[in-house]
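These notes concern the structure reproduced below.
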Amino acid sequence: MRMPPELVLGYEEIDTQHRGILEAMERAAAAARAGDLPGTRAAVAALGDVLVGHFSAEEGFMAESLFPDRGRHKAAHDLFMQDFAQLGRELSGGLSDLVVQWVATRVPEWVKFHIRVNDSALATYLSSKRYRPAAYSVRSAKPQAS
């Protein structure tokens with residue numbers, strides 16, 4: 001998948017993970033818009049796995065590199081995952097208009113905002129330090145094939 005230029009940070013490890021997140025979001029949104037409840041549940045679960053892997057990788061990068069704003073950045077991850085868990089609870093009740101809007105609009109808007117604001121600062125910092133993660137694995141942040 002081609003990343004929208006405004007979301008490319010120039011830090012390959014993070015950009016690769018973001019591509020995986022965007023692909024997983026698109027699969028979830030497509031299933032939700034199609035009214036496919038089982039497909040939406042599976043796609044949202046897969047998206048959750050990709051997000052957890054990505055956030056974990058970023059938090060590792062921040063800790064290893066001593067990123068000065070890591071507390072606030074992690075708090076943004078935690079807050080989003082609380083919201084994402086609520087989406088899962090709502091989805092367990094079915095594919096309501098609210099759930100479709102959440103999957104198709106709210107989640108993508110948050111992810112794109114987070115990339116532009118939080119991840120951009122992290123990527124700039126990591127690049128300035130010429131930081132390369134010791135145990136980085138792209139595989140952990142890519143979505144599973146369905």
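One table, with the values for the structure above:
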item	result
Scan of segment 29-64 for residues that are of a type in the set (Gly, Ala, Ser) and surrounded by fewer than 17 Cβ atoms within 10 Å (Cβ to Cβ), ordered by number	ALA30, ALA34, GLY35, ALA42, ALA45, SER56, GLY60, ALA63
Unmet requirement for ARG33, which otherwise passes all of (1) within 30 Å of GLY94 (Cβ to Cβ); (2) free of Cβ contacts under 8 Å to residues at least 12 places away in the same chain	(2)
Which numbered condition TYR131 misses (of (1) at pLDDT 95 or above; (2) of a type in the set (Phe, Trp, Tyr); (3) over 22 Å from MET3 (Cα atoms))	(1)
Residue in segment 107-128 that is among the aromatic types (Phe, Trp, Tyr), modelled with pLDDT of 95 or more and surrounded by fewer than 18 Cβ atoms within 10 Å (Cβ to Cβ) present	yes
Restricting segment 65-79 to residues that are more than 12 Å from the chain's Cα centre (by Cα) and small (Gly, Ala, Ser), the residue that is surrounded by the most Cβ atoms within 10 Å (Cβ to Cβ)	SER65
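The values are calculated or read from the model by the stated rules, or taken from the named source; none is laboratory data. Quick caveat: nothing in here was measured; it's all calculated off a predicted structure. Neighbour counts run over all protein chains shown; Cβ positions are idealised from the backbone, glycine included.
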